[in-house]
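In what follows, a structure is listed as structure tokens, so that the remarks can point back to it.
Computed from the coordinates by the stated procedures, all read-outs in this text should not be read as laboratory data. Computed from a prediction, not measured in an experiment: that's the story for all the values here. Every residue, glycine as well, gets a Cβ built from its backbone with ideal geometry; the counts of neighbours run over all protein chains shown.
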Amino acid sequence: MQVPTGTSFMKRLIATLALLAANAQAGYNPNTPELVQETKPAVVLIEVFDDNEKPLGYATGWIAKTGTDHFNVVTNAHVVID
């Protein structure tokens, strides 16, 4: 698995950060129960196994929509890099 790099990735990252900042400035400040309710459907549990299907551990991630019918799971690089 390759860690995303390049101009396209950086543009998407900057746009995402700008949207987050705009929401914060617009006064969008949900309380904890509202935030959990809104984000819970996108949170995933990732189970990591070795070649013999022995569990090695767990991680979390979230689902990001990347196109009309395309989704990616976003997690930390150490979870997917061998």
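Say we look at segment 55-82 and pick out the residues that are assigned to a strand (DSSP E or B) and more than 16 Å from Ala42 (Cβ to Cβ); which of these is nearest to the chain's Cα centre (by Cα)? Before you say what the answer is, go through the steps one by one.
We begin by selecting, within segment 55-82, every residue assigned to a strand (DSSP E or B); these are 55-65, 71-74.
Retained after the next criterion (residues that are more than 16 Å from Ala42 (Cβ to Cβ)): 55-58.
Details: Pro55: 22, Leu56: 21, Gly57: 18, Tyr58: 15 Å.
Across segment 55-82, the extreme among qualifying residues is Tyr58.
Tell me, please, whether a residue that is within 22 Å of Arg12 (Cβ to Cβ) and surrounded by 10 or more Cβ atoms within 10 Å (Cβ to Cβ) can be found in segment 49-58. Walk me through how you get there before you give the answer.
Just the residues of segment 49-58 that are within 22 Å of Arg12 (Cβ to Cβ), to begin with: none.
There is no residue in segment 49-58 that is within 22 Å of Arg12 (Cβ to Cβ) and surrounded by 10 or more Cβ atoms within 10 Å (Cβ to Cβ).
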